[in-house]
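The values are calculated or read from the model by the stated rules, or taken from the named source; none is laboratory data. Not measured: the values here are computed from a predicted model. Here the Cβ positions follow ideal geometry from the backbone for every residue, glycine too, while neighbour counts run over all protein chains shown. Heavy atoms of the whole protein, side chains included, go into the accessibility calculation; ligands, DNA and RNA do not. Shrake-Rupley method; radii C 1.70, N 1.55, O 1.52, S 1.80 Å.
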Amino acid sequence: MPNAVPSAARRHFKAPSRSGDCLLDPPPREWNSIWQANLAGRTNAPSFLATLRTNARIEFLKFALHYTRQYRDVADKQFNADRVILSGHQPDLFHPGVWFKNFVLSRLGQQFSASAVQLIIDNDVYRQASIRIPTGSIAKPLVEQIHFDRIEFPVPFELAKISDHESFRSFAKRSAQSIRPFVDQPLVQQFWPQVLAEYQRVENVGQAIAAARHRTEADLGLSTLELPLSHVCRTEPFWKFAADVIERIDAFIGIYNQCLAEFRLIHKLRSRSHPVPDLEIGQCEFETPFWVWSKSSPVRRRLYVRQSGGEVILHDRHLLEFRIKTGASLAERLQQLDAEGVAIRPRAMMTTMYARIVLSDLFLHGIGGSVYDEVTDEIARQFFRIEPPRFLTLTATIHLPVSSPDVSRADVRCIDNDLRSLVYHPENYFDESNGTVHELIAAKRMWIERVGPDINLSIRHQSIRDINQLLTTKLKSLADQLIQTRRKLNVELEHANILRSREFSFVLFPNALGEELHRLAVEATPG
């Protein structure tokens, strides 16, 4: 089994530093009992949520099967809506630690006889169309940014189309050339042609990248489905879920903001924007935990709700405004808005809340997502009157297969300690028999041993300091040598940090990366 790095405390996770190590929280020995407890807990849901959950899963699996079949083969009998394990991430060129979750997802789906589905989080904004690539040499590595597109105007992933087609087409060639000093045959050379082909089919950059990656996973034996969140948000169960929150927004905001305040107090967070900002409360107006945009106004903005006369008004405080007569079905109006090209999408905490308490029995988080779900759990308890199912937190660290300077921060700290010792304990660097310093060392010891109420501490301190300075001047060559060594170590450490980064995209690794992640997932999962 790979070395599992235990977390010191819940919600204070740190990614492992050594290549091949995994963070698995809770530990795998508890996963089966968590799974069984989550299944048993479904019976305690209120009737509205229980009905919503049943209908949502049926539609979710139907949509996921249909979506996945557009680019890879899927057998019906592998998937059912009664037992669902879910994970999710933005459709980008993430690092291997994120990809590791998908391998565990597939393994747990097989072990628990459950449908394993990856949710493509395409309501996030398409802000970065590039990856960092190490280049240069081991002796002098550099990092450069290689673009596959030029983002002229940031829009949600579900609306993202390529602007710079030449950069898109040449990305694999340029990336492979840059990484070649370290990786001779990177995955991007086989992967990117599939992205280009998928883009011709869907004309959406996020979906093209996700489909190409999912097809690669099929070749590696993974058995999962995928579905963009935007598709989930076009289903009747989601409209009913969103309508329930919006219709009870005054109660929801009270719980939401109070849970955030308690979280900040417990974790001693001063910033009111962490882990997420409070929802605003105005005069007869409330901020909802949803985004809104439209095809004619594709800027993602916060959705607000207010009452005016006999109407409920949904708006973004800019261009979009939608009126609903009091008493009319809000869920039906949301469905109508969707048909008109208006997108109502959940924000981060609502995304995982819907995914965890409605769509799935077990959710696999990375480090980032698990942080704020402590708040999500408490909101779900108070607002929906349920005990939310537990989730797993997973990541792995995989370094590029290149050698790097054998140096660490501890080596630099050791030199720092020596330099400090030269200042405060220079006597340790002399032979006691050295007559030129023997008297100085003896005088320092005398001052150190002189204690008592009649001793002038200021004179004592200055005397010791003067002696230290006299001794240190005789160690200048040693100090210069240590300073030179420290500079060399810092340069080597900077180079090592580049080469040992866990943040490089999975497409920069050799083709064997998939097999390595598969092995780690097999060793990590119980049974």
inquiry  = Filter region 502-511 down to the residues that are modelled with pLDDT of 95 or more and either assigned to a helix (DSSP H, G or I) or surrounded by fewer than 17 Cβ atoms within 10 Å (Cβ to Cβ) (or both) and list them by number.
reply    = Glu503, Phe506, Val507, Leu508, Pro510
task = Give me a count of the residues in region 57-88 that are farther than 25 Å from Ala197 by Cα, outside any loop (DSSP other than H, G, I, E, B) and of a type in the set (Phe, Trp, Tyr).
result = 1
message = Looking at region 209-256 only, could you name the residues that are over 28 Å from Asn102 (Cα atoms) and among the hydroxyl-bearing types (Ser, Thr, Tyr)?
response = Tyr256
task = May I ask you to say which residue of Gln200, Gln145 is modelled with pLDDT of 95 or more and outside any helix (DSSP H, G or I)?
result = Gln145
task = Answer with yes or no whether Pro298 is assigned to a loop (DSSP other than H, G, I, E, B), under 30 Å from His66 (Cβ atoms) and at pLDDT below 95.
result = yes
request  = Select from region 301-319 the residues that are among the hydrophobic types (A, V, I, L, M, F, W, C) and either modelled with pLDDT under 95 or surrounded by fewer than 18 Cβ atoms within 10 Å (Cβ to Cβ) (or both) and list them in ascending order.
outcome  = Val312, Ile313, Leu319
Top-ranked residue in region 444-470 [being part of a helix (DSSP H, G or I) and small (Gly, Ala, Ser); ranked as farthest from Glu427 (Cα to Cα)] = Ser458
Scope region 67-87; condition loosely packed, with under 14 Cβ neighbours inside 10 Å and either charged (D, E, K, R) or at pLDDT 95 or above (or both); matching residues = Arg69, Gln70, Asp73, Asp76, Lys77
task = Would you kindly identify the helices (runs of 4 or more DSSP H) lying entirely within region 330-397 that contain at least 1 residues that are farther than 23 Å from Ile85 by Cβ and open to solvent by 10 Å² or more (accessible area, probe 1.4 Å)?
result = 330-339, 367-384
message = Restricting to region 150-171, give me the number of residues that are in a helix (DSSP H, G or I) and either closer than 7 Å to Tyr126 by Cβ or in contact (Cβ under 8 Å) with a residue 12 or more places away in the chain (or both).
response = 7
inquiry  = Checking the structure you have, find out if any residue of region 264-274 is open to solvent by less than 70 Å² (accessible area, probe 1.4 Å), more than 28 Å from Leu227 (Cβ to Cβ) and in a helix (DSSP H, G or I).
reply    = yes
note = Only one of Arg201, Arg180 is farther than 29 Å from Leu227 by Cβ and over 26 Å from the mean Cα position of the chain (by Cα), namely Arg180
note = Picked from region 398-418 (must be open to solvent by 40 Å² or more (accessible area, probe 1.4 Å) and of a type in the set (A, V, I, L, M, F, W, C)), the residue farthest from Ile498 (Cα to Cα) is Cys414
